[in-house]
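Below is one structure, written out as structure tokens; comments come after it.
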Amino acid sequence: MLLGAPAWLGSEAKAQELPSITEMSPQQAADAARADRERLAREQLQQAKLSFDRGEFDKAVELFKGILDSPVALRGADELHDAFLHYGFTLVLMENKVPALEKIRTALELKPEFSPSPVTTRPDLLAFYQEQQRLFVASGEIQKLPSELFPELAQGSAVVRVRREPPIPVFGVRLRQLERPGLGNTFMGFEVGAAVLNAAGWIAWAAVFEDLRPSGDSVRDVFRISNPITFGVFWGTLAAELIVTAIMNQRARAARVGTLAPFEGQPGAIDLRAQALDPRARRRAAPRLMVGPGGIVFTTW
């Protein structure tokens, strides 16, 4: 590879003669410089995380500053989130919790639904993060693009917004999003079935509208009975689904933003807090058998 060839051209470019620095266009030179800076930033991020794991917090902070202070040297949402999350954790362990809040908030703006592993994350760091995540969600904040947080990334950014499913409260869509697929499919089955039967009744009625034979009279008689039934089933099921969805929405919000103080001081409080925020974790959680001051206590979600 010739001197000055961009590292990001890949293996296919190795077989081709690449332009020298003097033959590059201004745009090619800018892209090459940006790619080289980002490559070095990735390496520095790994060094910063390694220093964090070793307990060399002062060194880790200096390395994080070098890639996260404006202008940021990383462009990917995942890498930026990883960097700000570990930067915030480093500051927490250094007892600099006020600046740590800012770093954790930036990480949440990039990936608000991310949950650190309870196996590899210290309990105090996990509790600090989950509390900030709860407040972030309760305040109505949403995910943002890196280019929205860092204007210097607006040009040439390849990051795209993660698709978010709209909360459609009909045909079981919202209920499936709330981890209630069985209930959602039941409502959808009744609604689709009633709508199809009602539409079929209207088609049959239109087909025999001018048919004066006894068979036409029979079809019209069936239509007069079936049409109100299918009409009522459809709208009744739809109304019931709207009510159930509203209740489930309230429960999901309460589980997510409700107070988690009752778990403080209990054995396994960190796991309980995580399960309270995640319906799937509650379903996977095993029953708990504990010995308390009042005797043996058996609890389950």
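The values are calculated or read from the model by the stated rules, or taken from the named source; none is laboratory data. Keep in mind that what you see is a predicted model, and the values were worked out from it rather than measured. Neighbour counts run over all protein chains shown; Cβ positions are idealised from the backbone, glycine included.
Tally time: how many residues in the stretch 100-147 are more than 18 Å from the chain's Cα centre (by Cα) and surrounded by fewer than 14 Cβ atoms within 10 Å (Cβ to Cβ)?
Total meeting the criteria: 5.
Condition first: surrounded by fewer than 16 Cβ atoms within 10 Å (Cβ to Cβ) and modelled with pLDDT under 80. Now tell me which residues in the stretch 160-188 satisfy that.
Those that are surrounded by fewer than 16 Cβ atoms within 10 Å (Cβ to Cβ) and modelled with pLDDT under 80: Val160, Arg161, Val162, Arg163, Arg164, Glu165, Pro166, Pro167, Glu179.
I'm told Phe234 meets every condition in (1) assigned to a helix (DSSP H, G or I); (2) over 30 Å from Thr186 (Cβ atoms) except one. Can you identify the failing condition by its number?
With (1) assigned to a helix (DSSP H, G or I); (2) over 30 Å from Thr186 (Cβ atoms) applied to Phe234, the lone miss is (2).
Is it true that Val244 is aliphatic (A, V, I, L, M) and without any contact (Cβ under 8 Å) to a residue 60 or more places away in the chain?
So Val244 fails the test.
Can you tell me which residues in the stretch 109-148 are part of a helix (DSSP H, G or I) and among the hydroxyl-bearing types (Ser, Thr, Tyr)?
Of all residues in the stretch 109-148, those part of a helix (DSSP H, G or I) come to 109-110, 123-138, 146-148.
Across the stretch 109-148, the qualifying residues are Tyr129, Ser147.
Output yes when any residue across the stretch 104-111 is farther than 30 Å from Gln250 by Cβ, free of Cβ contacts under 8 Å to residues at least 40 places away in the same chain and among the basic types (Lys, Arg), and no when none is.
no
Of the conditions (1) surrounded by fewer than 13 Cβ atoms within 10 Å (Cβ to Cβ); (2) charged (D, E, K, R); (3) in a helix (DSSP H, G or I), Glu241 satisfies every one except a single condition; which number is it?
(1)
Mind listing whichever residues of the stretch 24-68 are of a type in the set (Ser, Thr, Tyr) and surrounded by 13 or more Cβ atoms within 10 Å (Cβ to Cβ)?
Ser51
Can you work out which of the residues in the stretch 189-220 that are at pLDDT 85 or above and not small (Gly, Ala, Ser) is nearest to Phe234 (Cα to Cα)?
Checking each candidate, the answer is Glu191.
Per-residue answers, yes or no, for (1) under 28 Å from Leu40 (Cβ atoms); (2) of a type in the set (Asp, Glu):
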position	(1), (2)
Lys65	yes, no
Leu80	yes, no
Leu85	yes, no
Phe89	yes, no
Leu93	yes, no
Asn96	yes, no
Glu102	yes, yes
Arg122	no, no
Gln133	no, no
